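All remarks here apply to the structure that follows.
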Amino acid sequence: MAESFAFAIADRVLGKLSSGLIQEVGLAWGVKTELEELNDTLSTIRAVLLDAEEKQATSHQLRDWLGKLKDGFYDAEDIVDEFEYEALRQKVVASGSFKTKVCSFFSSPKSLAFNLKMGHRVKKIRGRLDKIAADKSKFNLIEAVANTPVVLSKREMTHSFVRPSDVIGRDDDKENIVGLLMQPSDTENVSVIPIVGIGGLGKTTLAKLVYNDERVVGQFSTKMWVCVSDEFDIEKLVKKILKEIRKGDESYSDSSMEQLQSHLRNALDGEKFLLVLDDVWNADREKWLKLKDLLVDGANGSKILVTTRKKSTASIMGTFPMQEIKGLSHDDCLSLFVKCAFMDGEDKQYPTLLKIGDQIVEKCAGVPLAVRSLGSLLYPKRGERDWVSIRDSEIWELEQNEDGIMAALRLSYYDLPYHLKQCFALCSLFPKDHEIINVDLISIWMAEGLIHSSGQNAKMEDIGERYINELLSRSFFQDVEQRIPEVGYTFKMHDLVHDLAIFFAQPECLTLNFHRKDIPKRVQHAAFSDTKWPKEESEALRFLEKLNNVHTIYFQMENVAPRSESFVKACILRFKCIRILDLQDSNFEALPNSIGSLKHLRYLCLSGNKRIKKLPNSICKLYHLQTLLLLECSELQELPRGIWSMISLRMADWVRNGELTWKWRTDQIWFFCYDWMMRLEVGSWKRVDGAGNGGLIKASVWVLACLSVFFLILDLLPQC
């Protein structure tokens, strides 16, 4: 369903074409007319795209037409990006006014062949789009206007702690499970209580409610919460449990399974513990027994609470009868809907809307997630027509899955502004139950060009925050945890909402593994879910040959990343238009010099690489790069001297084993710090002449986290 992004992509390219930078470069390059004609073609097509996206569900031909257009839009964006890159390059290397720099370069004999080549590429892509656009008459499309930009709803941000007053209709279920947790066991030290129910019923919410109950807190000396999700990997689960026990104080990334099991058994020996295993799908009894054997040394009365959708999972794990939770009553659902759709007491002012809301709730079949999703959707809407359109939507008549919820979630998705649809869908790259960090997600959105200023006098980071808050207010995100006051926080997606993102993102955004054979041609964003790197590097390299024109490479699992420079070289050689290259936890000593050829690269993550010692000088040619992450690069000794030339850089995180002492020799900046991480907004690096061999003035510094004491000394120093 990624063809539904065609309008957003066309809008993005048109925005770039209308920028002053592109217009001036086009004039200097002698391709002003070609760019204007490309703009006209895109504008004509864009006018009918919203209608086409709405009608594509019933027409395979229309979906195919949109797919071809979208591919053309991406290629057009790549060409426009090259214009931007050359302008940025000249801004760095030339002297004098910007106009002089651009004109002097583009009029030089050396550049004439290149100018002709780019002019030909613009004409070619315009001709290709014109040919595709000629078929639009077959579909009887009408021109439509885009929905309104994001307006923040006046709703407070939620958090992961569940207050009893926020949970409706689960009092009896809670008391029943608390009673079971309090029961002693005559037959075994550790008992297992499974909670079973369809997706969206609130199994996790109920488990949290029980987990935080004062009676339960006082009953157990050790409490652990572990989300399992699709993969029941014993080694990873043991690491997660140990991190819960030690509260993240220790790292077990290099421990063997023998060491891990010893640590776990010792930690639980004689302890009366409560372990929650949330969202379990495993139906392999042998795997469960292997994990259970490591948990049985706890004191008598220890309990394991399991949430699962599958009765077969509950039957192989449970020692207590499964606790099957049902849908909420209609009255409870209506109470939840009113809480989500109205401010306190406001429902009494809208009796007609409340009556329509009652009919909408009836369609939600007692599923709280569906009720909450539609209530959040209607929260900012007070027009009767909006509410009736949700109640009478044809989507309710579509075939439902067994959870009976996807229609409600789809309605919420279709109501999103067009630019937020692609932002939400891109979140499908993250694994289920992933703790998404706000600043990381915003950096990824920026790298893909998904954040639109729309003439607003605001930074892209601030607009990205608005996007996140809007998705939170509509219940697409949940479980917010504030990490750093006023700045950093994490959140998650419910697994059904994650499924929704996958549905609308495919085949453009795809989660892959190195053994997969059938790869759609239109994959733009590739996330790798492998739990181990292939034994033979050649296997990974052969797999890359199946991908074309990829914009994103992302590895989902910790410590699963390239082990040699060859994989990175292959990515650079094959994916010339890549925007995001996430190499976290990689294990090579040197970044290839060819990295400087990636003109479109906006996001580069090398965090966790404990072997890399320096970055090549060619990295300074990444004039589009916005985000550079070097967390825990413990062997990294120095940064390139020309780092000042990375004039698009907006976020850079540097920390090394909690201690960082780097000296930028050419740029005359000294950093001394202890146990800290910071974010630098470095979009305003300014070159200073006359300070030895040069220097920098730093425009602003944002501290993201201060775990102990930090010192930042910024000065212009003589050449060392």
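Restricting the first member to segment 596-616 and to residues that are touching a residue at least 60 places away in the same chain (Cβ under 8 Å) and in the same structural domain as Glu565 (by TED's automatic domain parsing), and the second to residues that are assigned to a loop (DSSP other than H, G, I, E, B) and among the polar types (S, T, N, Q), the beta-carbon pairs closer than 7 Å and six or more apart or on different chains are Arg602/Gln626; Tyr603/Gln626. Among the residues making up segment 11-64, those that are free of Cβ contacts under 8 Å to residues at least 12 places away in the same chain and either touching a strand residue (DSSP E or B) at 6+ places or on another chain (Cβ under 9 Å) or hydroxyl-bearing (Ser, Thr, Tyr) (or both) are Ser19, Thr33, Thr58. For segment 251-269, the tally of residues that are under 18 Å from Gly301 (Cβ atoms) and exposed (fewer than 11 other Cβ atoms within 10 Å of the Cβ) stands at 1. If the condition is being within 19 Å of Trp225 (Cβ to Cβ) and of a type in the set (D, E, K, R), then segment 258-317 contributes Glu271, Lys272, Asp278, Asp279, Lys292, Lys303, Arg309. For a quick check of your reading of the model, give me the residue pairs whose first member lies in segment 477-504 and is touching a residue at least 40 places away in the same chain (Cβ under 8 Å), whose second is of a type in the set (Lys, Arg) and crowded, with 18+ Cβ neighbours inside 10 Å, with beta-carbon atoms closer than 8 Å and at least 6 apart or on different chains. Close Cβ pairs satisfying both conditions: Phe477/Lys492; Gln478/Lys492; Asp479/Lys492; Met493/Lys432; Asp495/Lys432; His498/Lys432; Leu500/Arg410; Phe504/Lys421.
Of all residues in segment 283-299, one or more are at pLDDT below 95 and of a type in the set (Val, Ile, Thr).
Just one of (1) of a type in the set (Gly, Ala, Ser); (2) surrounded by fewer than 20 Cβ atoms within 10 Å (Cβ to Cβ); (3) farther than 30 Å from Met406 by Cα fails for Ser529. It is (3). Per the conditions (1) at pLDDT 85 or above; (2) under 30 Å from Leu264 (Cα atoms); (3) touching a helix residue (DSSP H, G or I) at 6+ places or on another chain (Cβ under 6 Å), the sole criterion not satisfied by Gly199 is (2). Residue count for segment 73-112 satisfying the condition of being at pLDDT 85 or above and more than 22 Å from Leu598 (Cβ to Cβ): 0. Scanning segment 198-220 for residues that are in a loop (DSSP other than H, G, I, E, B) and under 28 Å from the mean Cα position of the chain (by Cα) gives Ile198, Gly199, Gly200, Leu201, Gly202. For segment 316-358, a residue qualifies if it is without any contact (Cβ under 8 Å) to a residue 40 or more places away in the chain, surrounded by 14 or more Cβ atoms within 10 Å (Cβ to Cβ) and over 26 Å from Asp386 (Cβ atoms), and exactly one does: Ile316.
Conditions (1) closer than 23 Å to Gln261 by Cβ; (2) touching a residue at least 60 places away in the same chain (Cβ under 8 Å), marked per residue:
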{"residue": "Asn176", "(1), (2)": "no, yes"}
{"residue": "Asn189", "(1), (2)": "yes, yes"}
{"residue": "Leu201", "(1), (2)": "no, yes"}
{"residue": "Asn212", "(1), (2)": "no, no"}
{"residue": "Cys227", "(1), (2)": "yes, yes"}
{"residue": "Ile241", "(1), (2)": "yes, no"}
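Looking only at segment 551-596, residues that are part of a helix (DSSP H, G or I) and of a type outside the set (A, V, I, L, M, F, W, C) come to 7 in all.
Is there a residue being assigned to a loop (DSSP other than H, G, I, E, B), touching a helix residue (DSSP H, G or I) at 6+ places or on another chain (Cβ under 8 Å) and not hydrophobic (A, V, I, L, M, F, W, C) anywhere in segment 483-495? Yes, some residue in segment 483-495 is assigned to a loop (DSSP other than H, G, I, E, B), touching a helix residue (DSSP H, G or I) at 6+ places or on another chain (Cβ under 8 Å) and not hydrophobic (A, V, I, L, M, F, W, C).
Quick one: which of Leu42, Leu50, Leu69 is crowded, with 17+ Cβ neighbours inside 10 Å, under 29 Å from the mean Cα position of the chain (by Cα) and more than 13 Å from Ala133 (Cα to Cα)?
On the way: Leu42 fails: more than 13 Å from Ala133 (Cα to Cα); Leu69 fails: more than 13 Å from Ala133 (Cα to Cα).
Every option except Leu50 fails the conditions.
The values are calculated or read from the model by the stated rules, or taken from the named source; none is laboratory data. This is a predicted model, so every value here is computed, not measured. Neighbour counts run over all protein chains shown; Cβ positions are idealised from the backbone, glycine included.
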